[in-house]
Amino acid sequence: MPNQISQVPAISPVVIRERTGSISTAEIISVLKGEITGLHIKQAFSTQIAEEITANFIRNPGRKERKDGVPGEYVGASHYRKDAAAYFAEAKTARPYVEALFGNLVDPVRGLFAALKRELHNQGIELRLARSEQGRANVCRALSWSGGDAYALEPHDDVAQVLCAGNDYELPAVANNIVAALNFYPSMAEQGGNLRLWSHKPTVTDRKSQGVETTGYPYSAAYLESVPCRDFQLKAGDIGLIDGGFVHGVTRQSGNGKPRLVLNSFFGFARPDLVLWWT
Ligand SMILES: O=C(O)CCC(=O)C(=O)O
Ligand SMILES: [Fe+2]
């Protein structure tokens, strides 16, 4: 039964690095180049900044419920399942609310973007926000997942949505390279909410076999059953940076009602001399 054979997911080796401290541009570039699959930096930004961003999310007038089939609340724009015109229009509307997440803080997301831009510039590579005639991306979006079953956010990959973004975007070129997914965690639930990473990087054929060709979301428990995985046990103030082509998800969470909040952005090489950044 050839169909069944093609549905056994191949195991792809993962390289994990976990440590405490500040993230370095060298490590970020290692993820961009596929040398590191998953990087977990503990206590990467201050708890005071984390608390302020969380308070700014909770009181943010631009906070909305997602209506695209992925349960959660958000501030900012997602290109997922949108054409470029709709995405860049949403990014523009949401920009003041994304800025309101940081108030007058010297924020860690723009800090990382600026440091990476400097380092890449030294190597003759430009880093910039994705853009089109309609506008430009924001530096991040804030998300609080609320899926209620085994996962707060179901297993998925971040590449399908980039590959299938559409010709009106600059993004699809990045899907041939590594789509790095950057996550800052300003707040975590008491229990669970781990970032789980499976040793599997789906191909287009794999996605077709699972009916997730254009979304990369969600992969079933049955499909992933034979694939090893590992969890990043996150705390407020941590950063997670992964190769978003590998299947990942967020485990169920519980506790005293503290929200699990993530600031997420994506970036990757569109050309050898150009790295794009978007949400
Ligand atoms: O919340 C997380 O830890 C991961 C977020 C994620 O995978 C995504 O936004 O695509
Ligand atoms: Fe993801």
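The values are calculated or read from the model by the stated rules, or taken from the named source; none is laboratory data. All values derive from a computational prediction rather than experimental measurement. Cβ sites come from the backbone with ideal geometry, for glycine too, and all protein chains shown count toward neighbours. Quick note on the areas: whole protein, heavy atoms, side chains included, nothing else; ligands and nucleic acids left out. Shrake-Rupley method; radii C 1.70, N 1.55, O 1.52, S 1.80 Å.
Overview of values
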quantity	calculated
Failed item in (1) of a type in the set (Val, Ile, Thr); (2) surrounded by fewer than 18 Cβ atoms within 10 Å (Cβ to Cβ); (3) touching a helix residue (DSSP H, G or I) at 6+ places or on another chain (Cβ under 8 Å), with Val212 passing the rest	(2)
Test: residue in region 232-245 that is over 21 Å from Glu51 (Cβ atoms), in contact (Cβ under 8 Å) with a residue 60 or more places away in the chain and open to solvent by 10 Å² or more (accessible area, probe 1.4 Å)	no
Selected residue [away from ligand 2 (no atom under 16 Å from the Cβ) and under 17 Å from the mean Cα position of the chain (by Cα)] from Ala91, Ala114	Ala91
Residue match in region 250-270 (condition: open to solvent by 10 Å² or more (accessible area, probe 1.4 Å), over 16 Å from the mean Cα position of the chain (by Cα) and over 20 Å from Ala152 (Cα atoms))	yes
Subset of region 144-161 [away from ligand 2 (no atom under 14 Å from the Cβ) and either touching a Ser or Thr at 6+ places or on another chain (Cβ under 7 Å) or of a type in the set (Gly, Ala, Ser) (or both)]	Ser144, Ser146, Gly148, Ala150
Any hit, region 52-62, residues being over 24 Å from Ile28 (Cα atoms), small (Gly, Ala, Ser) and surrounded by fewer than 15 Cβ atoms within 10 Å (Cβ to Cβ)	yes
Enumeration of residues in region 237-259 that are more than 14 Å from ligand 2 (Cβ to nearest atom) and outside any strand (DSSP E or B)	Gly237, Arg252, Gly255, Asn256, Gly257, Lys258, Pro259
